[in-house]
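The values are calculated or read from the model by the stated rules, or taken from the named source; none is laboratory data. Bear in mind that the values here come from a model prediction, so they are computed numbers and not experimental data. Cβ atoms come from the backbone with ideal geometry, glycine included; neighbour counts cover every protein chain shown.
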Amino acid sequence: MSENPVQHLLQAFNYISRCVQTQLARFILRSDQPPASAQKDNLLTSLSSYSVGAFHPETLQKQKPSGPTTREDLGRATWTFLHTLAAQYPEKPTRQQKKDVKELMAILSRMYPCKECADHFREVLIATPVQAGSHDEFSHWLCHVHNVVNRSLGKLTFPCERVDARWGKLECENRACDLQGAASIDVANDAHKRR
């Protein structure tokens, strides 16, 4: 069965959407004085019902109100997302998965909310094209690129041989965190068994 070419990209943007929703919730909750308990409960209830489980009232109550997202916050969130994606990237990716991850990097280099960052990332991609032939190749390529960016910012670099220890696979039941997802794997296995 052929894969939906945008499925993986949509999953990636779903993750980013949840991060944006969390920041939006922080913005909505921000005020000079904390709201009364009843008002806070009503706000949290309406927020949690608005986005079908993207964030929970308990999570919002634990978060400290903050100002607008900083460039540094956005950068950390983006690198966390990308390294988590790389950790889930299969050892033997399909042609479509290789294409999708390359397209994602190209899109980030054009659409990233920080123009200076996007321009720099585009330059890095030209100098060091995406390597996505396997999990190890993509994880180490991404670590190298992250280090290029860190050096340009005067930050410390990360030892890429430790990338899997730092950003390991997500722990999910029934392989639900695999890029292909459990349903796709089951369909592929069923098709293989019928041969």
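For the stretch 79-108, filtered to residues that are within 23 Å of E171 (Cα to Cα) and over 17 Å from the mean Cα position of the chain (by Cα), the residue that is surrounded by the most Cβ atoms within 10 Å (Cβ to Cβ) is P93. Looking at the structure I just gave you, is T84 of a type in the set (S, T, Y), modelled with pLDDT under 95, assigned by TED's automatic domain parsing to the domain that holds A165 and out of contact with any Lys or Arg (no Cβ under 8 Å at 6 or more places or on another chain)? Spelling it out, T84 is indeed of a type in the set (S, T, Y), modelled with pLDDT under 95, assigned by TED's automatic domain parsing to the domain that holds A165 and out of contact with any Lys or Arg (no Cβ under 8 Å at 6 or more places or on another chain).
Looking for something in the same structural domain as N147 (by TED's automatic domain parsing), within 16 Å of H146 (Cα to Cα) and under 16 Å from the mean Cα position of the chain (by Cα) - is there at least one such residue anywhere in the stretch 109-116? Yes, the conditions are met somewhere in the stretch 109-116. Inspection of the stretch 103-111 finds no residue satisfying the criterion of being modelled with pLDDT of 95 or more, out of contact with any strand residue (DSSP E or B) (no Cβ under 8 Å at 6 or more places or on another chain) and in a loop (DSSP other than H, G, I, E, B). Scanning the stretch 151-163 for residues that are assigned to a helix (DSSP H, G or I), out of contact with any His (no Cβ under 9 Å at 6 or more places or on another chain) and at pLDDT below 95 yields one hit, R162. Could you check, for the stretch 73-93, whether at least one of its residues is in a loop (DSSP other than H, G, I, E, B), in contact (Cβ under 8 Å) with a residue 12 or more places away in the chain and either touching a strand residue (DSSP E or B) at 6+ places or on another chain (Cβ under 7 Å) or over 21 Å from R166 (Cα atoms) (or both)? Scanning the stretch 73-93 turns up at least one residue that is in a loop (DSSP other than H, G, I, E, B), in contact (Cβ under 8 Å) with a residue 12 or more places away in the chain and either touching a strand residue (DSSP E or B) at 6+ places or on another chain (Cβ under 7 Å) or over 21 Å from R166 (Cα atoms) (or both). Taking (1) touching a helix residue (DSSP H, G or I) at 6+ places or on another chain (Cβ under 8 Å); (2) under 23 Å from E171 (Cβ atoms); (3) touching a residue at least 24 places away in the same chain (Cβ under 8 Å) in turn, H140 satisfies each apart from (3). Of all residues in the stretch 110-133, those satisfying the criterion of being touching a Phe, Trp or Tyr at 6+ places or on another chain (Cβ under 8 Å), closer than 24 Å to R166 by Cβ and surrounded by 14 or more Cβ atoms within 10 Å (Cβ to Cβ) are Y112, F121, V130, Q131, A132. If the condition is being closer than 15 Å to E103 by Cβ and in a helix (DSSP H, G or I), then the stretch 123-140 contributes L125, F138. A single member of G168, G181 is modelled with pLDDT under 95 and on the phi > 0 side of the Ramachandran plot, and it is G181.
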